[in-house]
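The values are calculated or read from the model by the stated rules, or taken from the named source; none is laboratory data. This structure is a prediction, so every number in the text was calculated from the model and none was measured. Here the Cβ is made from the backbone with ideal geometry for all residues, glycine too, and neighbour counts use every protein chain on show.
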Amino acid sequence: MTVAEIIGQSVLRPDAHDKVTGGKGYPVNVSLPGMLHAKLLRSPYPHARIIGIDTSEAEKLPGVKAVLTAKDVPQRPFSPVFFCPTEAKSLVRDMVILSNRVRFAGQPVAAVAATSEAIATQALELIDVDYEELPTVFDPEEAMQESAPQLHESSPNNVAKNPSFAFGDVEAGFAEADHIFEGVYQTQRVHTCYMEPRVCVIDCDTQGHFTVHCSMQHIFGLREKLAYALEIPESRITVIKPPYIGGGFGGKLDIGYIEPIAAILSETTGKPVRIEQSRYEDFITTARHPIKVYLKTGVKNDGTITAREAKSILDTGAHATHGAEVIMVHGLFGVVFPYKCENKKWEGFTVYTNNMIGGGYRGYGCPQGCFAVESQIDEICEELKLDPIEFRRKNAYQKGDPHPFNPAWTLNSYGYEEAMDKGAERIGWSQRAAAGSSPGTKKRGIGLGTQGIWVSGCMGFPDIYEHTGAIVKMNSDGTADLASGTVDLGSGQNTVLCQIVAAELGLEADQVRMSYADTDTVPFDAPTHASRATYSSGLAVQAAAAEAKKRLLEIAADVMEANPDDLEVSGGQVAVKGSPNTTMPVADIVKVAESPFIVDTEHGPAPSSPPQHKGTIIGTSSLAPPENPTPATALFVEVEVDTETGQVDVLRCVYAHDLGKVINPNAAEGQVEGGMQQGIGYALMEDLLFDTETGACLTSDFLDYKMPTAVEMPRQIESIFIETNEPSGPFGAKSLSEQCVTVPAAAIAAAVYNAIGVRITELPITPEKILRALGTL
Amino acid sequence: MSKEHYTKRCKDLTEGDKRMKQLVTLNINGEEHQLAISPDATLLKVLRDELGLLGTKRGCDTSACGCCTVHLDGKAVYACVVYAMSVQGSEVTTIEGIGSNGNLDPLQDAFIQAGAVQCGFCTSGIIMAAKQLLDDEPNPDEEQIRHGIAGNLCRCTGYAKIVDAIKLAANN
């Protein structure tokens, strides 16, 4: 099987058979003998001080084994974010495991471990907490006022972080402009809605070593952050990599409260402790941050952008967590980088409120920026009567340009314009009608959104890990095992990484298996996040496979009496180049390496092969990728807006992505189609709502938090993949995942405008907002 | 909470579990199981915690996500809102109970072939919902398929390849 027969093929997922028959490998299924179940008591108040807490009745309940409150746990402030070192300058360490100060409704104040979930739940009812309520603030701009309640003493005016960037001369740029456009764009809080709840089972042995099973996107980050919060060395924790997890999407990139609490309860009781969150608890554990963007852009009559100035206000809730990092990525990749313009200025504010904490979510600040930037471009084009594609072309980067993130890198592969052109042709862009001209009460419109600059991992970001490693080990049956810390979130990382190893090693695609890994046995790996697995982990597994192959061919050369450079391996056979009939199965070479030195033959004991042939054929790697190539994306959507009900239906999507090279087309389409589901939810319906007085979550289950079902999804989602062959990537690949959710809201908002001639600048675009904008409500 | 209320609640809770477990016989995947279960135990809880049938998943526990979809006498139900006590005398089928003679059900095979599985946490429930759909209507059109799985949420796939898989299974 040649490289071309593996790379670019829709190889079936190795985990699919198990998953269609029930799926055993999820952390939620882990059960250990003698395991206890723990539950958390959560504060009903959004801002309060605990002045008394009585757990004595709970402790008396038969079956209760331990109760924890703030006095029982380490009080070292930490940031839960996985992908930065614990003491990184860019993080804000403002959380503790359990505190006597409550800053959001639902913050845990106590925990109980018992012999059953029912007893633990009953015991929570027996804990008596005396709260002193404190004044609250839920709006980040109100929180920035001096008179607002202060959440953290170290952050005056509730500003946890205040980064800014400036390039060129913005005043001169605006002076040069023929037109200046100003707008305010607001996004809402949404949840990643991974289907498997956050769950952990932690077992502390008698020597104080913790073994951790957890539904998370990063085994090494979990180990590091847990160790820091518990104030113990990392080497006392082993995190098991789950065979798979039930989705992540960025929502499993930080320790929550449950992991340190389960660890302490296990140490206290000497039993394994399991905590599984309810869906309500999941809803208040992680979210994409709402960001309000004030955006000002200067343009010339011909559409050239001369200056851009922006201010972004991010509601990070009770703790900074990911808000400390999201604001930077949002500012740079969401607002500053996407278009060429010499004069730019941006300032961001990560602001504390008494809302729930935020988290990671595909796009990590970029969807909020993309919605603002692309919506305003649509306004500019409408006002100046410019074609939105030509406007973008005029301000776009070109292949060969320096990368805006790091000018030392070049955009060696860049299919931004090709993505727009191919998508435009497919959707019939040239037939697009003028805004609001669609007849009748059900009006159709077509919109465009793009994202020209994004990441393939985190190379180049200060304080963010990016190196990764792998072990490739060959078996005597001619197959190979791949061990890597990269967690398969569901998007097919295992499949794609095994394809890369098979292609490099010259095996059949199904001859490589992703095997067991934990933090003790594989090299460090950055998280499965930031669209990095195919590119960064792909490079690492390819390097490990190349090393194994080198050893394989050294032995083969001796056995076959050839020069290693004259050998090639393909389809599980080692062959002499140019003599396809001179072959030897890979399995036979591995057997030579693994066989005893002396074998008993019919002529008596004899050496099987020289000692230098002996030893497992293995390749290892631990490396950082050379750069951070950008994907590029253009999305065209057609919508129908019912002007009587305000309902928006997305009818058709044409989503074009420059992803370098498609490793597995079926898996890549799956990313695009799933991304559209999340994007349509973000654009039209999803909204994590909280009572503005009590801070209580109003959308705490899927009955109230609406996300698209199969009925709401468009019947046509068409993927176009632009293969630009990224020179630094594995077999030419770069990234895809996050681009699939970054652009939909902007494209749908533009399509709604094209349909009804009214623009909505605050997500989600609900029927109420449509009718109000049309003046009929 | 007032002191009086608090004391009463402590008493209520610590007097012990008045809901004695009861012995029931449940027919799951064609096998009879005798179990002692609490009257408030859901079918989902009994399947997962008592019988080790982990294919049925808990995604929400509030009858909204569909991850726990099983068949009760051939009809798809959410196991998280069915009391286990109430299914005595009925036939319960879970994802582990479909297919025959060691072969996959055509729907399971179609999900593999179409690439309809990503994280897979919704997969069991969606296959069970689709199975009822195909039992009722062997040749559904796209709208019938989409409405047939509208009670099941998926966050990975956008449902596109799931719809493809159900079409594929219907055609085979």
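Below is a table of values for the structure above.
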| read-out | value |
| --- | --- |
| Enumeration of residues in the range B:45-71 that are touching a residue at least 40 places away in the same chain (Cβ under 8 Å), within 9 Å of chain A (Cβ to nearest Cβ) and surrounded by fewer than 24 Cβ atoms within 10 Å (Cβ to Cβ) | B:Leu53, B:Ala64 |
| Within the range A:97-118, considering residues that are free of Cβ contacts under 8 Å to residues at least 60 places away in the same chain and either farther than 26 Å from A:Ala227 by Cβ or among the hydrophobic types (A, V, I, L, M, F, W, C) (or both), the one nearest to the other protein chains (Cβ to nearest Cβ) | A:Ala118 |
| Residue satisfying all of: in the range A:595-633; in a strand (DSSP E or B) and hydroxyl-bearing (Ser, Thr, Tyr); surrounded by the most Cβ atoms within 10 Å (Cβ to Cβ) among these | A:Thr633 |
| Lone unmet requirement of (1) assigned to a helix (DSSP H, G or I); (2) within 11 Å of another protein chain (Cβ to nearest Cβ) for A:Ala683 | (2) |
| Residues (part of a loop (DSSP other than H, G, I, E, B), at the interface with chain A (Cβ under 8 Å from one of its Cβ atoms), under 11 Å from B:Ala169 (Cβ atoms) and touching a residue at least 12 places away in the same chain (Cβ under 8 Å)) located in the range B:104-138 | none |
| In the range B:9-37, the residues that are within 29 Å of A:Asp128 (Cα to Cα) and either modelled with pLDDT under 70 or crowded, with 16+ Cβ neighbours inside 10 Å (or both) | B:Arg9, B:Cys10, B:Lys11, B:Asp12, B:Leu13, B:Thr14, B:Glu15, B:Gly16, B:Asp17, B:Lys18, B:Arg19 |
| Subset tally (residues that are under 24 Å from A:Gln612 (Cβ atoms), touching a residue at least 60 places away in the same chain (Cβ under 8 Å) and among the aliphatic types (A, V, I, L, M)) for the range A:517-565 | 7 |
| Sole exception among (1) in contact (Cβ under 8 Å) with a residue 24 or more places away in the chain; (2) under 23 Å from A:Glu182 (Cβ atoms) for A:Asp387, by number | (1) |
| Residues located in the range A:52-105, provided they are closer than 30 Å to A:His218 by Cα, small (Gly, Ala, Ser) and out of contact with any Leu (no Cβ under 9 Å at 6 or more places or on another chain) | A:Ala88, A:Ser90, A:Ser99, A:Ala105 |
| In the range B:90-103, residue nearest to the chain's Cα centre (by Cα) [restricted to those that are in a loop (DSSP other than H, G, I, E, B) and either closer than 13 Å to A:His17 by Cβ or in contact (Cβ under 8 Å) with a residue 24 or more places away in the chain (or both)] | B:Thr94 |
| Residue check for A:Asp178: farther than 17 Å from A:Asn354 by Cβ and out of contact with any strand residue (DSSP E or B) (no Cβ under 6 Å at 6 or more places or on another chain) | yes |
| The lone exception for A:Ala683 - which of (1) buried (at least 24 other Cβ atoms within 10 Å of the Cβ); (2) touching a residue at least 60 places away in the same chain (Cβ under 8 Å); (3) touching a Phe, Trp or Tyr at 6+ places or on another chain (Cβ under 7 Å) it fails | (3) |
| Qualifying residue in the range B:139-147 (condition: in contact with a helix residue (DSSP H, G or I) (Cβ under 7 Å, 6 or more places away or on another chain), within 10 Å of another protein chain (Cβ to nearest Cβ) and without any contact (Cβ under 8 Å) to a residue 12 or more places away in the chain) | no |
| Test set (1) farther than 30 Å from A:Gly675 by Cβ; (2) hydrophobic (A, V, I, L, M, F, W, C); (3) away from chain A (no Cβ under 13 Å) - B:Val81 fails condition number | (3) |
| Qualifying residues in the range B:150-172 (those that are under 20 Å from A:Gly22 (Cβ atoms) and in contact (Cβ under 8 Å) with a residue 60 or more places away in the chain) - the one farthest from the other protein chains (Cβ to nearest Cβ) | B:Ala169 |
| Residues that are under 22 Å from the mean Cα position of the chain (by Cα) and surrounded by fewer than 24 Cβ atoms within 10 Å (Cβ to Cβ), drawn from the range A:291-312 | A:Lys292 |
| Subset of the range A:749-766 that is assigned to a loop (DSSP other than H, G, I, E, B) and within 30 Å of the chain's Cα centre (by Cα) - its residue that is surrounded by the fewest Cβ atoms within 10 Å (Cβ to Cβ) | A:Thr766 |
| Scan of the range A:709-766 for residues that are under 17 Å from A:Glu379 (Cβ atoms) and of a type in the set (D, E, K, R), ordered by number | A:Arg759, A:Glu762 |
| Residue selected from the range A:694-711 under the condition surrounded by fewer than 21 Cβ atoms within 10 Å (Cβ to Cβ) and free of Cβ contacts under 8 Å to residues at least 60 places away in the same chain, by the criterion farthest from the other protein chains (Cβ to nearest Cβ) | A:Leu698 |
| Test: A:Lys769 is of a type in the set (Lys, Arg), part of a helix (DSSP H, G or I) and in contact (Cβ under 8 Å) with a residue 12 or more places away in the chain | yes |
| Exclusive hit being assigned by TED's automatic domain parsing to the domain that holds B:Ala41 and either surrounded by fewer than 18 Cβ atoms within 10 Å (Cβ to Cβ) or within 27 Å of A:Ala667 (Cβ to Cβ) (or both), set B:Tyr78, B:Tyr159, B:Tyr83 | B:Tyr83 |
| Failed criterion for A:Gly256 (all others in (1) in a loop (DSSP other than H, G, I, E, B); (2) at pLDDT 95 or above; (3) of a type outside the set (Ser, Thr, Tyr); (4) touching a Ser or Thr at 6+ places or on another chain (Cβ under 9 Å) hold) | (2) |
| Which listed residue, of A:Glu276, A:Glu259, A:Glu267, is closer than 19 Å to A:Ala111 by Cβ and within 14 Å of chain B (Cβ to nearest Cβ) | A:Glu276 |
| Candidates A:Gly52, A:Gly34 - the one that is in contact (Cβ under 8 Å) with a residue 12 or more places away in the chain and within 14 Å of chain B (Cβ to nearest Cβ) | A:Gly52 |
| Verdict on A:Val64 being β-branched (Val, Ile, Thr) and either more than 13 Å from chain B (Cβ to nearest Cβ) or over 30 Å from the mean Cα position of the chain (by Cα) (or both) | yes |
| Near pairs, Cβ below 9 angstrom, 6+ apart or cross-chain, from the range A:200-221 (of a type in the set (Lys, Arg)) to any residue that is surrounded by fewer than 24 Cβ atoms within 10 Å (Cβ to Cβ) | none |
| Extreme residue, surrounded by the most Cβ atoms within 10 Å (Cβ to Cβ), among residues of the range A:722-737 that are away from every other protein chain (no Cβ under 14 Å) and within 21 Å of the chain's Cα centre (by Cα) | A:Lys734 |
